[in-house]
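Engineer: Dumping the structure here so I can ask a few things about it.
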Amino acid sequence: MKIRTPLDIGLAIRDGRRKLKLSQAELARKVGVGRQWIVTIEHGKSRAELGLVLRTLSALDLPLTIGPDNRRLPLDEDPDPVDIDAVVNAARDGRK
């Protein structure tokens, strides 16, 4: 699942909670928050404290993985290579 919005995180938390057959109250106790916090995070609260979100993911054994975006330009759209020596020389010539 690609996470792009706070709602995506909330839905992942809800799905993980349901897979473990935990109620919102049970998950809240495991995380150390109130049930209402679980409700709001599952609805995509955008200003949720990161530490609590990470603790919630950990309680559900949901890994958080951050990696490179694998999108690449098609071969015919690759940018032209840059001659860095020419750029440096042009900059030096401009200072003279």
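Engineer: Show me the ranking of peptides 81-93, 6-18, 49-61 by mean Cβ neighbours inside 10 Å, starting with the highest. Let's see the in-between values first.
Structural biologist: Details: 81-93: 8.9, 6-18: 17.3, 49-61: 14.9.
The packing order, highest mean first, is 6-18, 49-61, 81-93.
Engineer: Which ³J(HN,Hα) values, rounded to whole Hz and listed in residue order, are derived for segment 82-90 from phi using the Karplus coefficients 6.51, -1.76 and 1.60 in 6.51 cos²θ - 1.76 cosθ + 1.60 with θ = phi - 60°, glycine and proline given as x?
Structural biologist: Result, ordered by residue: 9, 8, 5, 4, 5, 5, 5, 5, 5 Hz.
Engineer: Suppose only helical runs count, i.e. DSSP H with n ≥ 4. What mean residue ellipticity at 222 nm does that imply for the chain under -39500 (n - 2.57) per run, divided by all residues and rounded to the nearest 500 deg cm²/dmol? Present the calculation step by step, with values, prior to reporting the outcome.
Structural biologist: Details: 5 runs with 52 residues, N = 96.
The helix-only estimate for the chain comes to -16000 deg cm²/dmol at 222 nm.
Engineer: Return the sequence-ordered ³J(HN,Hα) values of segment 4-19 in whole Hz as given by the Karplus equation 6.51 cos²θ - 1.76 cosθ + 1.60 applied to θ = phi - 60°, using x for Gly and Pro.
Structural biologist: 10, 9, x, 5, 4, 5, x, 5, 5, 5, 4, 4, x, 4, 5, 4
Engineer: Counting only Cα atoms, I'd like the Rg/Rh figure for the chain, Kirkwood definition for Rh. It would help to have the intermediate numbers written out before the result.
Structural biologist: Values: Rg = 23.0 Å, Rh = 16.7 Å.
Reported Rg/Rh (Cα atoms, Kirkwood Rh): 1.38.
Engineer: Would you mind getting the accessible area per residue of the chain, heavy atoms of the protein chains only, 1.4 Å probe, in Å²?
Structural biologist: On the way: 7760 Å² over 96 residues.
Here the per-residue accessible area is 81 Å².
Engineer: Moving on to the next point. For segment 1-57, what % of the accessible area comes from carbon and sulfur atoms, probe 1.4 Å? Don't jump to the answer; show the numbers that get you there.
Structural biologist: Details: 1990 of 3740 Å².
The value for segment 1-57 is 53 percent carbon and sulfur by accessible area.
The values are calculated or read from the model by the stated rules, or taken from the named source; none is laboratory data. Nothing here was measured: the structure is a model prediction, and the numbers come from that model. We place every Cβ from the backbone using ideal geometry, glycine too, and count neighbours over all the protein chains shown. Accessible surface is based on the protein model in full, side chains and every heavy atom, while ligands, DNA and RNA are left aside. Shrake-Rupley method; radii C 1.70, N 1.55, O 1.52, S 1.80 Å.
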